[in-house]
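Some notes on the structure that comes next.
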Amino acid sequence: MLTRIAVLVSGGGTNLQALIDAQAAGRIPSGAIALVISNRKAAYALQRARNAGIETAVLSKYMRPDPDEYDAALLELLSAHGIDMLALAGFLGIIGPRVLAAYENRIVNIHPALIPSFCGLGYYGLRVHEAALARGVKVTGATAHLVNGEVDGGPILLQKAVEVKEGDTPETLQRRVMEEAEWELLPRAVRMISDQIARGRND
Ligand code: GAR
């Protein structure tokens with residue numbers, strides 16, 4: 001039996017694409033991406049999922065403005081699809097306490113900096129790279145980590161450093177961090193947790 005993976009997205013979905021490609025290349029042998037959930041119905045990531053024949057769902061905070069109700073609705077959706085683990089791939093929503101409790105040590109996030117630098121509330125997407133450039137760091141990178149109740153505070157699984165180059169803009173730096181680090185780390189971290197769940201099933 002394969003580990004059923006849900007990928008949560010909000011935007012362009014290049015990290016989702018990296019997961020889809022890794023699966024197609026046999027690099028996540030213990031798992032299968034069973035569902036892609038977006039909190040924005042316009043997210044291009046949804047199109048990537050459809051192109052790959054993966055089921056999609058939209059759960060936005062306009063549909064469920066109360067965080068507690070959102071949390072409950074997300075858990076219901078995950079349970080209905082028999083999901084074993086989650087991958088947050090550029091997901092900009094907050095995971096509530098019910099989902100956290102049901103999926104303890106089974107939620108992986110990719111963050112576009114070397115945690116504990118440039119992380120926590122307000123540090124997402126391009127803002128992370130703007131902050132890194134403003135501080136003048138010469139090395140940044142990405143971190144794959146487990147998700148707990150603290151924003152970007154869960155145990156670190158993998159990290160990779162990426163050089164900041166003279167003349168970088170937030171956009172060029174974001175692209176290099178994605179290409180050199182995020183797209184490699186997220187599939188590897190998802191495989192680690194998927195393998196662990198599969199081993200637990202066979203014990
Ligand atoms: C990625 O750089 C991801 O690391 C970041 O948003 C981008 C999404 O791009 N996530 C965060 O900042 C979370 N704190 P994508 O939709 O193309 O994968």
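For this structure, a couple of remarks:
- Helix 14-24 axis, angle to the chain major axis (alpha carbon atoms, nearest 10°): 60
- Candidate lysines for bridging to K138, where Cα separation is under 17 Å - those fewer than 8 sequence places away on the same chain excluded: K160, K165
- Net length gained if the chain between K160 and N105 were fully extended (0.36 nm per residue, minus Cα distance): 17.7 nm
- For the chain, the antiparallel share of DSSP beta bridges with both residues in that region comes to about 40%.
- Förster radius 30 Å - calculated FRET efficiency between L133 and S60 (Cβ-Cβ, nearest 0.05): 0.45
- Candidate residues Y44, Y123, Y103: accessible-area rank, largest first, probe 1.4 Å: Y44, Y123, Y103
- Partner lysines for K61 [C-alpha distance under 23 Å; skip if fewer than 8 residues away on the same chain]: K41
- For the chain, the longest site-free run once trypsin sites (Lys or Arg not before Pro) in DSSP loop states with at most 12 other Cβ atoms within 10 Å are removed: 42-137
- The residues of the chain have, on average, 49 Å² of accessible surface per residue, using a 1.4 Å probe with all protein chains present.
- Accessible surface of the stretch 1-145, 1.4 Å probe, proportion on carbon and sulfur as whole %: 53
- Candidates S117, H81, G149 compared by Cα position along the dipole of the stretch 51-203: farthest toward the positive end lies S117, with charges placed on Cβ.
- About the Cα centre, charge dipole magnitude for the chain (Lys/Arg +1, Asp/Glu -1 at Cβ), debye: 300
- Using a Förster distance of 30 Å, the FRET efficiency for A25-A198 (Cβ separation, nearest 0.05): 0.95
The values are calculated or read from the model by the stated rules, or taken from the named source; none is laboratory data. Note that the structure is a prediction, hence the values are computed from the model and not measured. Positions of Cβ are backbone-derived with ideal geometry, glycine not excepted, and every protein chain shown enters the neighbour counts. Please note that ligands, DNA and RNA were not included when accessible areas were found on the heavy atoms of the full protein model with its side chains. Shrake-Rupley method; radii C 1.70, N 1.55, O 1.52, S 1.80 Å.
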